[in-house]
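**Student:** What follows is a single structure, and I will ask about it in a moment.
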Amino acid sequence: MSSAVRLGPKDDEWVYDRNAKSYDLTRGASSPARFSIRTTHGPEDTSITIATGLSALVVVDMQNFFLHPRCTDHVTGLAAVERTLRLVEKCREIGIKIIWLNWGLNDDDLATMPAAAARGFARSLITPPLDTTTSKQARFGFGSDMGEGRGRLLMAGSWNAALYAPLQEASRPDADVFCNKDRISGLWHGETPLAKALEAGGFRTLLFAGVNTDQCVLGTLADAYFRGWDCVMVEDCCATTTPGGQETTVYNTSKVYGFVVNSKSVTEGVLNPESRG
């Protein structure tokens, strides 16, 4: 019996080698390079090989609103920023495209926002804080003025919706892709800026970093899975404040949605520029 197991339709298939415990996600691509990464969850001693030219790193919601001390206390998120900076550097080195996916609303979005989507960001209207003048996370709804120069909540161009400064400094306007979103998921329909960017770039494998792991990262990752992209969560470059949210999302990603790696397994990955035999 052959050790190779083929999954998916012809010309868009994965090949799993039982003996090597390795998934080949390259779809026959020989140029640019192939890059092998050890997984950190799921079956032990498993690896995935991706084609760097078909791959993108999607960094989700690493914005001032979610990370900056003026807006929130997100200790694990700030720790993930440092690892994400190293991950971005490695991805640039091996030719993986960087995509920054952020909340960035306009007034038309506000006018059409469903009640279910609006409620999660209107917490202070439903349960007002005791002292709104000192509340970092006072949420009076999308587009409301956060005060103290922070701008309107998650509106494109506002300070609170900008990339957190270390990541902004690491971004490259001339090389990276910047996508706004108007829902928890950046892929909730096929015409979102992210969906268009992925189709235009021909990307098939997506690495995910960002906050919050069990909310906007998971929402986008799950929709990517539903639409047929390969999903790879870089677990220590994702963070959440939800009790148990990190562990559950990592578990379900490794079991269902795709693969889980960490920043160390990426930086220690093996680059093989040679074509397949």
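**Student:** Looking at the structure I just gave you, is Ala239 hydrophobic (A, V, I, L, M, F, W, C), in contact with a helix residue (DSSP H, G or I) (Cβ under 6 Å, 6 or more places away or on another chain) and buried (at least 19 other Cβ atoms within 10 Å of the Cβ)?
**Tutor:** In short, yes.
**Student:** Report every pair of residues separated by at least 6 positions or lying on different chains whose Cβ atoms are under 8 Å apart, first residue within the range 165-180 and free of Cβ contacts under 8 Å to residues at least 40 places away in the same chain, second acidic (Asp, Glu).
**Tutor:** none
**Student:** While we're on this one: Name the helices (runs of 4 or more DSSP H) wholly inside the range 1-120 in which the number of residues that are among the basic types (Lys, Arg) is 3 or more.
**Tutor:** 75-94
**Student:** Ok, one more. Select from the range 164-201 the residues that are closer than 22 Å to Leu87 by Cβ, more than 14 Å from the chain's Cα centre (by Cα) and outside any helix (DSSP H, G or I) and list them in ascending order.
**Tutor:** Tyr164, Ser171, Arg172, Pro173, Asp174, Ala175, Asp176
Bear in mind these aren't lab numbers, they're just calculated from the coordinates by the rules spelled out. Everything numeric in this text was worked out from a predicted model, so none of it was measured. Note that each Cβ is placed from the backbone with ideal geometry, even for glycine, and that neighbours are counted across all protein chains shown.
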